[in-house]
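The values are calculated or read from the model by the stated rules, or taken from the named source; none is laboratory data. Being a predicted model, the structure only gives us computed values, none of them experimental. No Cβ is skipped: glycine too gets one built from the backbone with ideal geometry, and neighbour counts run over all protein chains shown.
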Amino acid sequence: MRLASALIAAIVIIGLMAITIVGCSGGSPSATADKYYKAIQENDCEKLRDLVHPQLADKEVEECKQHPDKLVSYRILGENIDWNIGLAVTAGVETELTFREDGKEKTNTVRRILEKTLIGDWYITSIP
């Protein structure tokens with residue numbers, strides 16, 4: 001019985017530490033998504049390197065450079081955070097995007113997945 005109580009207490013303490021660390025540093029997933037879309041809209045492609053997972057950085061920068069002025073507008077609709085017990089916390093950010101394609105404007109809703117380690121900032125890990 002004591003072991004179970006100690007285990008539950010440890011899980012609660014770890015969870016509270018994760019919430020405190022994540023909540024106090026690096027901003028929010030929505031703020032990171034906002035910086036990401038703003039950089040694309042302003043054609044500040046190199047800034048994307050700081051906002052996406054390192055494995056996606058080169059691809060994202062090249063895509064941004066190849067399609068300047070494609071993103072017309074964006075609106076962050078919401079976020080949800082998965083409080084994982086462990087080293088990573090993930091979040092999903094829903095965004096409405098209006099972009100120019102073939103001379104026409106189109107609007108879609110997309111969901112980006114972000115991750116944050118307990119010692120770092122939020123960064124985007126999935127690009128549809």
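Applying the condition of being closer than 14 Å to Tyr123 by Cα and in a loop (DSSP other than H, G, I, E, B) to segment 27-43 and asking which residue is modelled with the lowest pLDDT yields Gly27. Can you find a residue in segment 113-122 that is modelled with pLDDT of 85 or more and more than 17 Å from Leu51 (Cβ to Cβ)? Taking every residue of segment 113-122 in turn, none turns out to be modelled with pLDDT of 85 or more and more than 17 Å from Leu51 (Cβ to Cβ).
A single member of Glu46, Glu79, Glu60 is in a helix (DSSP H, G or I) and either touching a Leu at 6+ places or on another chain (Cβ under 6 Å) or crowded, with 16+ Cβ neighbours inside 10 Å (or both), and it is Glu60.
Let me confirm something: among Asp58, Asp102, which residue is farther than 18 Å from Gly120 by Cβ and at pLDDT 95 or above? Lay out the reasoning, then the answer.
Numbers: Asp102 fails: at pLDDT 95 or above.
Just one listed residue meets the conditions, Asp58.
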